[in-house]
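Everything on this sheet refers to the single structure shown next.
The numbers here are math on the coordinates, done by the rules we state, and not lab data. Keep in mind that this is a model prediction, so the values were computed, not measured. Quick reminder, even Gly has a Cβ in these numbers, built from the backbone with ideal geometry, and neighbours come from all protein chains shown.
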Amino acid sequence: MKVSCLQENLAKGLNIVGRAVSSRSTLPVLANVLLATDNGRLKLSATNLEIVITCWIGAKVEEEGAITIPARTFNDLVSALPQDRVDLELNEQTQTLHIACQRTEANVKGIDAQEFPLVPEPEENNRIRVETDVFKQMVSQVAFAAATDDTRPMLTGVSTTFEGSQVMMAATDGFRLSVRSAHIPGHVEAPQTVTIPARALAELARVASDDVSAIYISLPEGRNQIIFDMENVVLVSQLIDGAFPDYTPIIPTRQSTRTVMSTAEFRKACKTAEIFARESSHTARVRIEPGDEILPGYAVIAATSAETGDNVAQIDASVNGDPIEIAFNVKYMNDVLSVIDTPQVALETTTAMEPGVLKPVGDNDFVHIIMPMHFGR
């Protein structure tokens, strides 16, 4: 293998695939990144066996070939090189890669590319097209609600349904639930529901460039994988086996109070409350008071810590319904408020013991359910 490419392109490519490198595998080759020539370009690929990220960069290929190189060493080396042409030449007998850039040279020992797991190819047929900006927003509004511990593996995933001209995502950790739907161009003939690891979707959102207008999704039959194709980057993820719990009964169908607030003001009040709520299981109280002919309605967000102190913030609100005081995990409240981008947000409540529902005002595609916390009077 004899290849030349630009340092900045190589560094960018390594940054894209680097997060898929396995950090604690018994297979040494999984700590490596695969470099391979491919139709006049240089292909970089990394995997931890759960996800595979592959990207292609422009290169001048003089001799075809492939090698795997320790990812951390190579990444650190390339980052330290000047912004100029990098020449890569493989000595096949010793499986050593010679790297040269301006007046810097290095030799890095690799592992034969044959030992690297097979990298799945994206499918050309039966692909589902989703607009990049829509899909990234969906991921940001849903994936954070997935569980982070593996005691219930299914809840670490995002239930994703493709049906007709719609895609719907849902995630829950048992304390909160995010559901987001979106329109997709084209039509999915046979409805499909899969559970995608939230970690894989977070990586997808990270590597999906805003310059690319669409992501093409394929579900190869019998492989328990999902493939996301974004022109010069492909991400393949294993799917989570089993049935995702039916979350529809959790979504309240009625409400006693609907409170509309400025998203920015509510977010600021909750962030302030979190300072004092950290030591009391992140508990903050939200008291809602409807207005009358003279005074407008308002919401009071308060938190108390026996060690630190307490705070109270009052914000204007348009309230329809009964007064209520309800406690929430304010960290969870901040998580969802940070992904709502409409100027106003609605909080729908029934009783202090029943879930609250958050909806962006003017956007019917997103709903977030948050379980109340119990507090002593």
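Below, the figures for the structure above:
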item	result
Tally of residues being of a type outside the set (Phe, Trp, Tyr) and either closer than 24 Å to Lys136 by Cα or touching a Lys or Arg at 6+ places or on another chain (Cβ under 7 Å) (or both) across segment 333-377	30
Among residues of segment 285-313, those that are free of Cβ contacts under 8 Å to residues at least 40 places away in the same chain, part of a strand (DSSP E or B) and in contact with a strand residue (DSSP E or B) (Cβ under 8 Å, 6 or more places away or on another chain), counted	11
Sole exception among (1) surrounded by 15 or more Cβ atoms within 10 Å (Cβ to Cβ); (2) under 18 Å from the mean Cα position of the chain (by Cα) for Asp210, by number	(1)
Filter result (among the charged types (D, E, K, R) and surrounded by fewer than 20 Cβ atoms within 10 Å (Cβ to Cβ)) within segment 332-357	Asp335, Asp341, Glu354
In segment 23-50, residue surrounded by the most Cβ atoms within 10 Å (Cβ to Cβ) [restricted to those that are in contact with a strand residue (DSSP E or B) (Cβ under 7 Å, 6 or more places away or on another chain) and not in a strand (DSSP E or B)]	Leu30
Condition check for Ile53: buried (at least 22 other Cβ atoms within 10 Å of the Cβ), part of a strand (DSSP E or B) and at negative phi	yes
Cβ pairs under 9 Å, 6+ apart, first in segment 187-212 and in contact (Cβ under 8 Å) with a residue 40 or more places away in the chain, second basic (Lys, Arg)	Glu203/Arg19; Leu204/Lys136; Ala205/Lys136; Arg206/Arg19; Val207/Arg19; Ala208/Lys136; Asp210/Lys136
